[in-house]
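Input: a single structure, listed below in structure tokens.
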Amino acid sequence: MAGEPQDDCLFCKIVAGRIPATVVRETDTTLAFRDINPQAPTHVLVIPKAHHKDAAALAAAAPDVAADVLRETQAVAEEEKLDSYRIVFNTGSGAGQTVWHAHAHVLGGRGLQWPPG
Ligand code: 5GP
Ligand code: ZN
């Protein structure tokens, strides 16, 4: 069922505390933690605590939580003192998605190329 924890999902395990993560922010509906393989000086993932496979599924099933995720990306950027940053939702394997639990990447702390690769 949409939103239910998945036994085989890495980010559900992080939400449950079964895999450690460096958490930077937490709300009732979201968790923000540092990416294990950072691509920029600041690289934080913001996820819904509920399981949705990607950003599109999250927006369709729980638009209020999608808004919470977006609001938290701003809070992370402010805490990390980023004046410029990028929010990325890789959606689909061809776009680089490797974890099938919706997540926003917050990237900053260096110049960012546009367009991205
Ligand atoms: P995607 O490629 O799906 O857009 O992003 C998944 C992200 O999760 C990658 O940037 C990857 O480095 C990160 N990641 C994968 N495994 C772990 C983990 O165990 N802990 C943390 N903190 N990040 C992870
Ligand atoms: Zn999950």
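Read the figures in this text as sums done on the coordinates, not as results from a lab. Because the structure is predicted, anything quoted here is derived from the model rather than measured. Here the Cβ positions follow ideal geometry from the backbone for every residue, glycine too, while neighbour counts run over all protein chains shown.
A few comments on the model shown:
- Restricting segment 18-117 to trypsin sites (Lys or Arg not before Pro) in coil, as DSSP defines it, with at most 16 other Cβ within 10 Å: ARG18, LYS81, ARG110
- Amide H contacts of ALA102 (H built 1.01 Å from N, in plane; Pro and chain starts excluded): HIS52, LYS53, ASP54 sit under 5 Å, all sequence-distant by 5 or more or on other chains.
- Rounded to 0.05, the FRET efficiency of the GLU78 and THR98 pair, given R0 = 30 Å and the Cβ-Cβ distance, is 0.60.
- Here the convex hull built on the C-alpha positions of the chain has a volume of 105 cubic angstrom per residue.
- Taking every DSSP helix (H) stretch of at least 4 residues in the chain, weighting each as -39,500 (n - 2.57) and dividing the sum by the residue count yields a mean residue ellipticity at 222 nm of -7500 deg cm²/dmol.
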